[in-house]
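Q: The structure under discussion is supplied below as structure tokens; questions concerning it will follow.
FYI, it's all coordinate maths here, none of it is from the lab. Computed from a predicted structure; not experimentally measured. Using ideal geometry, Cβ is built from the backbone for each residue, glycine included, and neighbour counts are taken over all protein chains shown.
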Amino acid sequence: MSSKIKPIPVQPYTPEEIEKILQACDSFGKSAYERLRAKALALALRHTALRLSDALMLRRERIQDGEILIYTQKAGTPVWLPVHPELQRALELCPVPRGAAADCSYFFWNGEMGQRALLGIGERTLHRVFELSGVTQAHAHRFRHTLAIETLRYGGTIEDVARILGNSPMVAYKHYAAWCSRYQDRIREIMLMVQQAESGAAELHGGYTEKKQPVIN
């Protein structure tokens, strides 16, 4: 008889693991060009929770007045996040893509390379950085999980996570409800009420004397 094994939920990066990944960027490749771009990409993923393909297509105009536009929802509502100072500095130092004009509109794309080829370069870059970092089971998508779980830990709601990730609340609930302290607190509150009710019912039952039923001839 076979049984289905539930997959282990993806864990967020710890602060120590993130630090190892960023340090690995400093030893990646053969030149400052590669290292600065690798770190800017890693920090963009870390602080925006963008998917890798979207981060690689990040436009400079999406950063305005200390905030970054991560996307526009289907309803047309833009979602802006404060730019983390570490990310701001990394993007300022990020070299213009090779083969691009000096006023290139993108941080990582030169506007000419095929997007599939660009994604391949991004994936290989991160794969090597993760290898150098020594962080096990590291991959780009874990940055999304990390920011989502941090949002919940610091008082955000499932709806907040859904907006940040560009998911529906239903999808966010499916993946992150277990991490939400508000849901856990609510479960504890309900179960305490259930237990108290059961305790009260037991006391009433213990002091209850059943009346004899009349005999019907």
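Q: If you put +1 on each Lys and Arg Cβ and -1 on each Asp and Glu Cβ, how big is the dipole of the stretch 1-156 around its Cα centre, in Debye rounded to 20?
A: 540
Q: Counting C-alpha atoms alone, how compact is the stretch 15-140: give Rg to one decimal and Dmax as a whole number, in angstrom.
A: 14.3, 45
Q: What's the exposure ranking of Tyr173, Tyr13, Tyr33, Tyr154, going from fewest to most Cβ atoms within 10 Å?
A: Values: Tyr173 17, Tyr13 21, Tyr33 14, Tyr154 9.
Fewest-to-most Cβ neighbours within 10 Å comes out as Tyr154, Tyr33, Tyr173, Tyr13.
Q: Lys/Arg Cβ at +1, Asp/Glu Cβ at -1, dipole of the stretch 105-192 taken about the Cα centre: which of Val171, Gly156, Gly120 is farthest positive-ward?
A: Val171
Q: Excluding residues on the same chain fewer than 8 positions from Lys30, give the aspartates and glutamates whose Cα lies under 17 Å from its Cα.
A: Within reach: Glu131.
Q: If each residue's Cβ is checked for other Cβ atoms within 10 Å, how do Ser27, Ser133 rank with the fewest at the top?
A: So the ranking, lowest neighbour count to highest, is Ser27, Ser133.
Q: Take each of the peptides 160-170, 140-150, average the number of other beta-carbon atoms within 10 Å over its residues, and list them starting from the highest.
A: Working: 160-170: 18.0, 140-150: 20.5.
Most protected by this proxy first, the peptides run 140-150, 160-170.
Q: Given charges of +1 on the Cβ of Lys and Arg and -1 on the Cβ of Asp and Glu, with all other atoms neutral, how large is the dipole of the stretch 40-113 about its Cα centre, in debye to the nearest 20?
A: 220
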